[in-house]
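Since the structure comes first, as structure tokens, the remarks are kept for the end.
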């Protein structure tokens, strides 16, 4: 069984002010093919706003990769990428690749 | 429409930028550059070009500074608007302002036949049209605009869902018909009818319906060394995911000299309403309604006068919280912080309340100050409100708080009007009629919340109401809090 895709949503003040709370509902918004593959958690401020990270709040990470000015569709796209990557990796481990 | 949309992000970014400039003491000098910084050359414009975007942003800045944009003067410098805002003694009415330049002048609400129309043989659209306004021509149903009365039967009957309603979102959202077009097609608010519920502001996809900010006034008072006391509404802690006591610390760091949890005022309201309910029932009243939602109270006065005698005479939690603040410190500047536009109107009419900030404005102040609410140590709370007082923020909470305080809780039959849309307004009229005729009704206590879900779904919140409801539950169940 592959590990779940981990989505961390920054719940810091700056991210909430810019609408980050919406991202906590990602579990309900996933398309059917991605349901059950994702684990969502809220986090204290990830610190990205303080070092002036490009794009601006709200921030989230998908399997450790940062998403800035995140929206639900952005997160779904990144989750889909992550799912594809882990599928490719899984296939590689089994040794089916040429 | 979801509250965290593109127009909300623009508004909040302006708020944060203005708060930063003001706290650095360079609002007048820096405000001129805000539109340019937010729409730099080379960025993707929202309208025709960044120059148009900047002009609209200029007007949005003016509204955030607390001015009406109706008397916009394009020769006047933003610095001058900022100077006037800082020097202003009191916020000004009306609470709303309409940005014509952003208003899309949406076409009059109408029904439209789309490409999905199959020009079928059954033709239920034409068969059911009471005005014979639909003809089939060129392989498609056509609506004759002159005959159509916008009843919507064609849309309801089309088996292909080919007919859609194209609404005017602000007019559609307004439960009392206070918004209509002027001769140029732009929207105008009739303030004699408006209840300041804020629905238009939440629903306009162009962000043309705007409240007028008061953050600049509050920061100016803090910077002038006044003792500014924050009265934070029961809906506010959940906006920031705070535990009890954390918001006190965050507010202190933001420069407030003190804070009063408005849930304490809610306890006073609930105690008084419970007593009032028992008195009214003893004297044979049919029903009583709650009175803490100012948009509702205004809606009754203006649009459902028959129900006025049933509205509880008890004052709102904001008023009682302001009383506490002014009793503790008579010289203080009291600032209510809430999710509500109508509270801005109630605040301007209440001599005990000096300013009303939105959740967005408080959030912007925290961001500008670099305050992370969740990382603030919880302060010991001097006075701890009850759980039912804190739950005023959600729909059903007020009725529950009254029930819990009755000598005979079973005597209360509560009904909750969860959101004052047009159907809600009709229910008010029906209760008014029943009360006037002394007719039996399904309830003897009617709780009314203008916003569906209650205050946590107010027009100026930052947290998704579903998320906020969860956070409110956590806040309440964590008990007293404090270090």
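Since every read-out is calculated from the coordinates, none of them should be taken as a lab result. All figures in this text were calculated on a predicted structure; none of them were measured in a lab. Here the Cβ positions follow ideal geometry from the backbone for every residue, glycine too, while neighbour counts run over all protein chains shown.
Brief remarks on what is shown
- Estimated Rh, the protein assembly as shown: Kirkwood, alpha-carbon pairs, angstrom: 25.9
- For q = 0.16, 0.18, 0.21 Å⁻¹, Debye-computed log10 I/I(0) when each Cα of the stretch A:6-87 counts as one equal scatterer: -0.52, -0.66, -0.88
- Shape index of the stretch B:49-123: Rg/Rh, with Rg the Cα radius of gyration and Rh the Kirkwood radius from the inverse mean 1/r over Cα pairs, equals 1.31.
- The Kirkwood radius of the stretch B:387-477, taken over pairs of alpha-carbon atoms, gives through the Stokes-Einstein law at 25 °C and 0.890 mPa s a diffusion coefficient of 172 µm² s⁻¹.
- With the simple spin-label model, which puts each label point 7 Å out from Cα in the Cβ direction, the residue B:433 to residue A:6 separation comes to 6.1 nm.
- DSSP-defined antiparallel bridges as percent of all bridges, the protein assembly as shown, nearest 5: 45
- Among A:4, B:186, the ranking by other beta carbons within 10 Å of each residue's beta carbon, starting with the fewest, stands as A:4, B:186.
- Of the Cα atoms belonging to the stretch B:15-165, the radius of gyration and Dmax stand at 24.4, 72 Å.
- Beta bridges per DSSP with both ends in the stretch A:5-92, % antiparallel, nearest 5: 50
- Here the extension length gained between residue B:253 and residue B:115 equals 43.9 nm, from 0.36 nm per residue of separation less the Cα-Cα distance.
- The residue A:35 and residue B:122 beta-carbon pair, evaluated with R₀ = 30 Å, returns a calculated FRET efficiency of approximately 0.20.
- Taken over chain B, the ratio of Cα radius of gyration to 2.2 N^0.38 Å equals 1.06.
- Between the beta carbons of residue A:81 and residue B:440, assuming R0 = 56 Å, the FRET efficiency works out to 0.35 to the nearest 0.05.
- Backbone N under 20 Å from the residue B:383 label point (7 Å along Cα→Cβ), restricted to the stretch B:255-279: B:256-276
- Gyration tensor over alpha-carbon atoms, the stretch B:294-340, equivalent ellipsoid semi-axes in Å: 28, 12, 7
- Chain B: antiparallel DSSP beta bridges as a percent of all, rounded to 5: 40
- Each stretch of four or more DSSP H residues adds -39500 (n - 2.57); spread over every residue of chain B, this sum gives -11500 deg cm²/dmol at 222 nm.
- Where only DSSP H runs of four or more residues are counted, chain A gives -10000 deg cm²/dmol as its mean residue ellipticity at 222 nm, each run worth -39500 (n - 2.57).
- Taking other C-beta atoms within 10 angstrom as a stand-in for reagent exposure, B:131, B:326 fall in the order B:131, B:326, fewest first.
- Each of B:475, B:355, B:160 has some number of other Cβ atoms within 10 Å of its Cβ, and from fewest to most they run B:160, B:355, B:475.
- For a paramagnetic label modelled on residue B:404 (point 7 Å from Cα along Cα→Cβ), amide N atoms under 16 Å away belong, within the stretch B:292-317, to B:317.
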